[in-house]
1. Rounding to the nearest 20 debye, state how big the charge dipole of region 70-123 is about its Cα centre with +1 on each Lys and Arg Cβ and -1 on each Asp and Glu Cβ.
2. Is region 239-278 best put as rounded, prolate or oblate by its Cα gyration tensor, with a ≥ b ≥ c the root eigenvalues, rounded for a/c under 1.5, and otherwise prolate when a/b is larger than b/c, oblate when not?
3. Cβ under 14 Å from G348's Cβ, G348 left aside: what net charge do those residues give with Lys, Arg +1 and Asp, Glu -1?
4. As a test of the formula, what do you get for the chain when each DSSP H run with n ≥ 4 contributes -39,500 (n - 2.57) and the sum is divided by the residue count, at 222 nm and rounded to the nearest 500 deg cm²/dmol?
5. Using the basic label-point model (7 angstrom from Cα toward the beta carbon), what is the N234 to A256 distance in nanometres?
6. Taking a cut-off of 30 Å between Cα atoms, list the lysines near K345, but don't count ones fewer than 8 places away on the same chain.
7. What angle, in degrees between 0 and 90 and rounded to the nearest 10, separates the Cα long axis of helix 272-281 from the longest principal axis of the Cα atoms of the chain?
8. Within region 68-87, what residues put their amide N at less than 15 Å from the label point 7 Å along the Cα-to-Cβ vector of D96?
Amino acid sequence: MSIRVMLVDDQPLTEPDASDQLVAVVAQGLRRRGRGLNQRSNGWTRVFVHIPDTGSKTQQAIYSIHIGNGQTQNRILNVASNSNHWVSLGVLEFTDGNDFQGVELSNYTPDGDASDDVAWDAVAFQPLPGQPKDFVVQLGDSYSSGEGAQPYIYGTDMGPYADQSKQTSPGRSWNACRRSQNSWIRQTVIPGRSGSIGSMADTFDTSLDYHSVACSGAVTSQIDTTGSTDKDGNLVWGVIGQHHEVPQLLSGFLDANTTLVTLTAGGNDSGFADTVQSCVELSCPSDADVRKQIDDTMGRLRLLLQHIHDKAPKAKIVLLGYPELFDVGDMTVGCSVMLSDAAIKLNGWADYMRDDQKKLAADLQSVDNVPVTFYSPMTEFYHRGVCSKAGAAINDFVAAPSTKPGGDFSCPASPNPNNWVCASMESYHPNSTGTKLYASALASALISARY
């Protein structure tokens, strides 16, 4: 590809035209600022930064891109996951105006206490022949990130191991967003395209701009701009679903150019993990309690979808649902640690969640003019749940830890009365077969959304 490399030197930090509330305070730090491109750019350009293999550990590196007309866009990267790699900050339309064109890196991070190094390396610019047809952003929880379908992208499965009861891990390096190379968004083929989103992104196809900030364990507030907060409303870092990454909508990748946003969301707000754990270990919660949790989630999910539309007003939003976990018709004794009565209840609650999300999406379209399409993957997962004789596309109970890098839970002593090991985050999530089925579901959803 054709690139333009920018030289850098140290400059005092000046206040940027911040694109979100978190980076509005970067004036507390210093930046590495470029002397400018070797020639002015006037057109669509992909911006790359190279992440050094030493001295760059933060999960919140703030890069500010100056496009030349006085406007600045910020991108926040987990650079710990991209050591010694070129990483795209995205495609922007540069303008040959009177302002500086280039990239700045701040040494300020929202979670900063001088524990992590921020390091600068090379920057490159790829002039494109025109505006890409597709600007795709993946948000969401574990079903979006690809939890359960290894391998995970380096840096998104980092220890020390977490304590399951506390849902936290010591150390600032912990990250269990577990973004998979086999995630369904990467396997999806957009209608009219010949290659998958993942293959096109990996080769920097000039007609696509793609980014994923989905994170295993994320609740709607962590996908939204609120993030994890304490009782006083202050942001809290190092908790499951966010770790030391910024809330997903504050990463900077949603903007006026975005054409498509995909996600799964709401399962964690509805207590999915706790409900499944109770059904395995003791007894399932009451039907009324679970349904109330699901109903209560819809208000938060509505707000999230509205905020996505606010940040990406031209984008179509596809909300994918959750499948039934079990193929109860094929269940036999010993095929799962889950008893059949509990499996039937869990499937019923998945159906209830589907109906709630379907109603919510329809209401957002008709009342609020939010272009969101809901699609349930129940058809694709029919007879492919846990215990399926045709081959399960969903993991049953998986013992923790499931990987060596350390992002999962650790169980030195199980609190379970039956003395089982504790559950991995991969339990009851789609496996690599399941992510293929989800990719098929998204392809159908895109046709339904007329994307």
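1. 140 debye
2. Oblate shape, in that a/c is at least 1.5 and b/c is the bigger or equal ratio.
3. Taking every Cβ under 14 Å from that of G348, the sum is -4.
4. Taking each H run of at least 4 residues, the total per residue is -7000 deg cm²/dmol.
5. About 3.7 nm, to one decimal.
6. In chain and number order, the partners are K166, K292, K358, K359, K389, K436.
7. 30 degrees
8. Within reach of a label on D96, which here means backbone N under 15 Å from a point 7 Å along Cα→Cβ, region 68-87 contributes 68-69.
Bear in mind these aren't lab numbers, they're just calculated from the coordinates by the rules spelled out. What you are looking at is a predicted structure, and each value in this text was computed from that prediction instead of being measured. Quick reminder, even Gly has a Cβ in these numbers, built from the backbone with ideal geometry, and neighbours come from all protein chains shown.
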